[in-house]
Amino acid sequence: MDIQEIKKIIKQKKISYAKMAEDTNISRSTLADIFRGKTQNPRMDTLKIICDYLDLNEEDIYKSKPNYDFTMEEIDFINSIRLLTHDQKMQLKGFMSALLEYNQQDGGSKKNA
């Protein structure tokens, strides 16, 4: 499903962007940018809010985004990271680097564990 299909659904449901902005707390300008194509890769959390609002399956939206092939678990992880402070993100990045290095030294036996 792409943005054009979502626009059709919005039109079928007779929802204005102003109403959607008010109900979702996504600014009208952000919605306009997404649906006009100005924003090519909207944030995943924004897409999730739009999907929830329109009762759409968010996996269909994520799969249609170019260059992304995330599982729902990975999307949840990414959304959680967005809630961290900069310092916490740097700590997590260091931990992940150490974990990957450990896996390489261990011959990758812990991969996907």
**Item:** Theoretical FRET efficiency, 1/(1+(r/R0)^6), r = Cβ-Cβ of Asn57 and Ser27, R0 22 Å, to 0.05
**Value:** 0.35
**Message:** Loop-only trypsin sites (Lys or Arg not before Pro) in region 9-56, please: DSSP not H, G, I, E or B, and at most 15 other Cβ atoms within 10 Å.
**Reply:** Lys13, Lys14, Lys38, Arg43
**Request:** Along Cα→Cβ, 7 Å out, is where each label goes; now give me the distance between the ones at Asp2 and Phe70 in nm to one decimal.
**Result:** 2.1
**Request:** Estimate the FRET efficiency between Phe77 and Lys14 by the formula 1/(1 + (r/R0)^6), using the beta-carbon distance for r and 30 Å for R0, to the nearest 0.05.
**Result:** 0.25
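No value in this document is a laboratory result; all are computed from the given coordinates. Keep in mind that this is a model prediction, so the values were computed, not measured. Neighbour counts run over all protein chains shown; Cβ positions are idealised from the backbone, glycine included.
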